[in-house]
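A quick write-up on the structure given underneath.
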Amino acid sequence: MNGVQLRAKLRLQASVAQVLETATVRSAGPLPTVVASELALCAPNIPPKPVLYLGRDLETQAIVSLITLKDKSAYIAILGAPGIGKTSVATAVLHAPDVVAAFGLHRFYVACDAVGGRGSSLNALCAHFGISEPNRGAAAKALCDILAEERCLLVLDNFESAWEAADNRADAEETLGLLVTVKSLSLVITMRGAERPQSVPWTRPLLPPHAPLHDDAAKQLFVAISDISEHNAHLAELLQLLDNVPLPLVLTANIAQYEPSEELTVTRKSLPM
């Protein structure tokens, strides 16, 4: 799909969405099957909304408030340690009602996990938007033209994959610098660590790197997934050993569905910190 085809598809999806909205308002009954299938067509190519999303309401609302300011682009970096929940926060932002209302179908998500090597960040973006232009300058222009058509939100997830390697950093910075020339674009990146790329005029106030979950949210998350009670005698110690970090919490909670909490605590204590 080239850039022209993508723009035509987005316009078609917007028209279908408007028709569906009108049909939903006028009818109290279920939509016909053919209309329901068109509704699926209108869903943006973004990850599903997190099912268990606890303890991040303040961070999420702070980002939503910044990127939904009328007639103003925002540039946000979601930072933090591995497994802290950066992708979950970015995905929750994409699905927030105020963000959906502000950007509609023009919410885009690009995973950068596999990005590496010179030119890869721009190549990954062009591939996502169906741009096959071999000339770098022409490809960059085509990308900017697509993003400039409507107010839009672009999330670049795990951007450290494109940025951390010393021989690739200049190229990644150049790609970010290109994106912020598009006045209708708001940009959110997730990155491991506490350092932001330098080519973006980040929106103030700058958001601090994400901290571990607070105790209540960590407990709720663990209990919701595992097969143990919130009053379990070993739960508090186990959560402390896991540092309330979401990813190890989720992984351990799944194991706790069939392993006793006491054994999990002993095992965790035996592992290097």
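Sort 209-221, 186-198 for me by packing, meaning the mean count of neighbouring Cβ atoms within 10 Å per residue, highest on top.
Details: 209-221: 17.4, 186-198: 19.5.
Descending packing order for the listed peptides: 186-198, 209-221.
Holding the Cα-Cα limit at 21 Å, pick out from K49/K86; K49/K183; K141/K183 the pairs that are longer than that.
Working: K49/K86 13 Å; K49/K183 27 Å; K141/K183 14 Å.
Beyond 21 Å between Cα atoms: K49/K183.
Only Lys, Arg, Asp and Glu count, each charged at its Cβ (+1, +1, -1, -1), so figure out the dipole size of the range 90-195 about its Cα centre, rounded to 20 debye. Don't skip to the end; give the middle numbers.
Details: 8 positive and 14 negative charges, 40 e Å.
It works out to roughly 200 debye.
With a cap of 16 neighbouring Cβ atoms within 10 Å, and only residues DSSP puts in a loop, list the chymotrypsin sites (Phe, Trp or Tyr not before Pro) found in the range 173-269.
Here the sparse-neighbourhood loop sites are Y258.
If the chain between K49 and R169 were fully stretched, how many nm would it gain, using 0.36 nm times the residue separation less the Cα-Cα distance? Mind showing how you got there, number by number?
Details: separation 120, 0.36 × 120 = 43.20 nm, distance 3.09 nm.
Gain on stretching K49 to R169: 40.1 nm.
Restrict the search to the range 90-152; then list the trypsin sites (Lys or Arg not before Pro) that DSSP places in a loop and that have at most 15 other Cβ atoms within 10 Å of their Cβ. If you can, show how the numbers build up before the last one.
Numbers: sites: R107, R118, R136, K141, R151; in loops: R118, R151.
For trypsin sites (Lys or Arg not before Pro) across the range 90-152 that sit outside H, G, I, E and B with at most 15 neighbouring Cβ atoms in 10 Å, the list reads R118.
Find out how many positive minus negative residues lie around A81, taking Lys and Arg as positive, Asp and Glu as negative, among other residues whose Cβ is under 15 Å from that of A81.
Details: positive: R56, K86, R192; negative: E59, E160, E164, E195, D243.
Within the 15 Å Cβ shell, the charges total -2.
Farthest toward the dipole's positive end in the range 44-192, which of T68, V155, G83, given Cβ charges of +1 (Lys, Arg) and -1 (Asp, Glu) about the Cα centre?
It is T68, whose Cα lies furthest towards the positive end.
Could you give P(r) for the range 119-242, binned at 10 Å from zero, as whole percent values over all Cα-Cα pairs?
11, 33, 22, 16, 14, 4, 0
Projected area of the range 90-138, taken from the Cα convex hull and averaged over every viewing direction, in nm²?
Details: hull surface 17.7 nm².
In nm², the orientation-averaged hull projection of the range 90-138 is 4.4.
Where Lys and Arg each count +1 and Asp and Glu each count -1, what net charge lies around S161 among other residues with Cβ under 12 Å from its Cβ? List each step's numbers first, then the result.
Numbers: positive: R169, R192; negative: D113, D157, E160, E164.
The answer is -2.
Which of the peptides 76-89, 226-239, 156-169 is most tightly packed, and how do the rest follow, judged by the mean count of other Cβ atoms within 10 Å per residue? Could the numbers behind the result be given before it?
Values: 76-89: 21.4, 226-239: 16.3, 156-169: 19.3.
Ranking, from highest mean packing down: 76-89, 156-169, 226-239.
Count charges around S184 for me, please; just the other residues with Cβ under 12 Å from its Cβ, Lys/Arg as +1, Asp/Glu as -1.
Values: positive: K72, R151, K183; negative: D71, D145, E149, E150.
Around S184, the charge tally is -1.
Quick note: the coordinates plus some simple rules give every number you see, no bench work behind them. Computed from a predicted model, the values in this text were never measured in an experiment. Cβ coordinates were reconstructed from backbone atoms using ideal geometry, including for glycine residues, and neighbour counts include every protein chain displayed.
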